[in-house]
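These notes are about the structure you will find just below.
Every number here is computed from the coordinates shown, using simple stated rules; none is lab data. What you see is a predicted model, and the numbers here were worked out from it, not measured in a lab. Here Cβ is always computed from backbone atoms with ideal geometry, including for glycine, and neighbour counts include all displayed protein chains.
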């Protein structure tokens, strides 16, 4: 027997021998009373849920399951509340369809889970104004009015929690705000939209068209009837604006994020991406360089070796880059009732801990420099579909040369029909605006059967 | 031009047009004074660094670079301080080799970066007793005396931060404590030791022996002259005990973690692991099931599809599993001066924010149930090296059958010398103790050239 084997056994014997000596310190009962005395107010934190859909009922269930006494559900508010009422909550819960009743109640925290701006904005404003803390999962609201609401919360000494707005159950906002508070972050990139991830994965693995993959996503409940908010990038854009605010300490309204749609990505792009050892994902990217801020969302080529290439289904992944700490990744379920409920309840724990004490969500000064916003610089993938004839490459190369864009490679896979031939040109790193003018010029060529599709190649 | 392309261009034009309108809100100067008024005391937080090695000097540099005025380095303490003194810190910094001077100074926070238990334990105890907060990167200290020190900090109303103890710059502790506070975590698994990761990667990719890979690691500065704390698992075990405390809300002393060494892993194991679509990593695993707590560190087979299989170099990865939120991953640089300094300074930001306000690190009650500790149940990989002769499989299979262990597969790659033939038997899920007895019996067979090497196969 090797010393190690002997060691293992000895360890196991020791472990068995000392099994009963396992010390759980501090003694649980005492620990809880200590903790309560030190860090919690003696009364439980009273919670009003507004919006009782998938996430709302998951929050109610999670609060019930925790049963630690410090967070108590007291109100549930929804339109047509009689349709929503369930029997498994505490009988003390008041069910109402009146937001006014919630606002004038003794609830300490209002949880806003209605989504969209109206009437969520007014509810949150009034709740904060009347001295209640607010927890919300409404990314549009925070991306649109986060500044105003944080200022209001601060002026009223209340907590405003919105960890559930970005990447559902993945604790990326607390990670960026607290865990990496000591670093200076310079870049955030991520996969923030599960619908796009589902659709792109289907195109990749089932060789589907975008339209078919979208229908599948809708059928499977991964996409809305009107999918534009997801597939055209605005959903991820709102999340990226929030990440930029709390990670990079800058803030832009979400409609200032450059968004490109995934609608034009086709199976042939995955074939060419594979040739380049890449796959295609909807990537959200924000970075600071030389006093400039770059923010964009859109389909992008990512190396198969990148952690971003391995994200599947409704998984989200955020990679932050710090000047000192380098790359840090946060991954997990970006959507769904239970993961989102975890983020909401985690914020409620914060709200309860911070009641009358301090404001957690608004204490990060922004960086001082004002930065214009432009599309970002990166190598580019450009896919053409042409009616083949001699001279096409020469014609394209001449336009690229004129615009001082360097061709990196020309990739043409065999086996395609010459009458609708797809091929790819990759360009060395270049800026979006320069490329844009070039593609405008190229689009005039009559050998093109459809407009060229350009995607950045990101790390 | 497709609608999308048109959209992109329109977006870009809009972006350009509104470039100068980029709003950085609130106005930085005002934001800072607001923030300070609301959440910080007006005086800067005075910081004493004890231990000025790689991490200590990185912390000093990071504090200097931040230059936000809220964190001020005032003391640096080290043995033979004259050797350590640098010219790039503020001239106001007091350089001393007297810990007593630090303890009697007006420093608000003592940063303990000496490592090991003595005299770090006494320094931290005295600093907390004298009403100073403490930030430490000392995993041994926290794994060994965390309970006592947290109680002391709580009784003195001070902050004890130790985010740098686990996974260096990866904000996993804040993620588990705050970001996932709403969930009930049931499992934590991770790659927590860069030395083991380096050595196992070398064995895998360069076909090295353990001894050669260790020498390489030592040469490259990835392993100590005495590597046992790393390769035999105690380093990761201390980190796992801390993760269990703050993630699973249970606590065991670090010497109660079952540790198995990576010393017996050889290149042939990677060959067989590949046959099973796996690789081999030092995995730290803690989980709660049916009221039992399982805690172990050791070489394990992980599926190539697992995020754990893709961790390279000094990268660390922690995967937590919550009852509600499912799997969440935290990855990044687990060691090195700058990443560890980020964790220390992030704790200092917390300490400054929480000065005289609340205690962040000790407000999580532990779960109530007492749990015996056992090795965990999992499928097993067992590698034999035998002098080949007929009847070996029959002999082994008889022993496994007698102990009611189910063989899953027998894997034998061609091309090995029959006089020292390695082959592998995989077993269906079984418990450590049962396997242990079986291996003891098997070890008596005279056809074995070395003791069998057993490794769990983890998800």
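Computed values, structure above
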| read-out | value |
| --- | --- |
| Semi-axes of the equivalent ellipsoid for the stretch A:180-302, Cα gyration tensor, largest first, Å | 28, 17, 11 |
| Coordinate range along principal axes, alpha carbons of the stretch A:100-185, Å, largest first | 43, 25, 20 |
| Stretch gain in nm, segment residue A:312-residue A:207, where the contour uses 0.36 nm per residue and the Cα spacing is subtracted | 36.2 nm |
| Nearest 10 degrees, 0 to 90: helix B:28-39 Cα axis against chain B principal axis | 80 |
| Largest-first principal axis extents of the Cα set of chain A (Å) | 82, 73, 47 |
| Helix B:194-206 vs. chain B, principal-axis angle (Cα, 0 to 90°, nearest 10) | 40 |
| Overall dimensions of the stretch A:35-165 by Cα: Rg and Dmax, Å | 14.2, 42 |
| Calculated diffusion of the stretch B:378-458, Stokes-Einstein form, Kirkwood radius summed over Cα pairs, 25 °C and 0.890 mPa s, µm²/s | 193 |
| Helical mean residue ellipticity (222 nm; -39500 (n - 2.57) per DSSP H run of 4+; nearest 500) of chain A | -10500 deg cm²/dmol |
| In degrees, nearest ten, helix A:337-354 long axis to first principal axis of chain A (Cα) | 50 |
| Per-copy distances of the residue A:119 label point, shortest first, in nm (7 angstrom along Cα→Cβ) | 6.7 |
| Over the stretch A:99-150 - Rg/Rh using Cα atoms and the Kirkwood inverse-distance radius | 0.93 |
| Shortest-first nm distances, residue A:434 label point to equivalent points in other copies (7 Å, Cα→Cβ) | 6.6 |
| Per-residue average of Cβ from other chains inside 10 Å of A:336-342 | 5 |
| Calculated label separations, residue A:65, copies of the chain, 7 Å along the beta-carbon direction, nm | 4.1 |
| Equivalent-ellipsoid semi-axes of the stretch B:134-241, from the Cα gyration tensor, Å, largest first | 32, 17, 11 |
| Over chain B, relative contact order from alpha-carbon pairs under 8 Å, at least 6 apart, % | 15 |
| Percent antiparallel among DSSP beta bridges (both partners in the stretch A:199-344, rounded to 5) | 90 |
| Radius of gyration and maximum dimension Dmax of the protein assembly as shown, Cα, Å | 29.0, 85 |
| Estimated inter-spin distance, residue B:389 and residue A:85, nm [label 7 Å along Cα→Cβ] | 8.1 |
| Per-residue average of Cβ from other chains inside 10 Å of B:163-169 | 3 |
| Test item: B:181-188 mean partner chain Cβ contacts at 10 Å | 6 |
